[in-house]
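Some notes on the structure that comes next.
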Amino acid sequence: MILPTAYLPPRSYLEALMSEGATIEQMESFEKQTFRNRALIRDANGELVRLTVPVGKVEHKQLTRDIQISYQSHWQHQHWITLVSAYQHTPYFMYFADYLRPFYEMEYKWLLDLNDELNATLVSLMKRERPTANSQQPMPRTSDWSRQIWTDKHPWQTEISIVDTLFDEKY
């Protein structure tokens, strides 16, 4: 399976990425306004928030592998503060925050490099066993990543980022 690159992708993308033979397409023409450099999360109030990694000027039919990240704005700080604000009170944020924070402190030149390393970390976190609240023993690992936080207040969003589920205790 050949997949485009994605920033903080939805669960379905990471499941596809974990399938045998999945590869990331680097030679496609970069498409603006897609999940290649955008993610959808819920804030602490359950409102949808779009996070966008700014990229340099994109020429017509420019290859995805040649897309550079722009640091003219403080997007990393903004993204990290948004993630902390949205998820700091969820049960597993404190367990996983230290795995994600470095992506918002280090500058990557290429969008593809950021996405590849971030997605490898997300896949690794999806496979980890979760600690229980009342014991030192980890909870059994589950492959049911279909739950999302805030679903008691807001309808299901199929393209919401995996971080929404990763920090939730109910999956």
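General remarks:
- Normalised convex hull volume, the stretch 1-44, alpha-carbon set, Å³ per residue: 68
- As a ratio to 2.2 N^0.38 Å, the alpha-carbon radius of gyration for the stretch 1-137 is 1.11.
- Rounded, prolate or oblate (a/c below 1.5 giving rounded, otherwise prolate when a/b exceeds b/c) for the stretch 13-78 by Cα gyration tensor: oblate
- Tail beyond 18 Å, pair distance distribution of the stretch 74-130 (Cα, percent): 36
Where a number appears in this text, it was derived from the coordinates with a stated rule and is not lab data. Computed from a prediction, not measured in an experiment: that's the story for all the values here.
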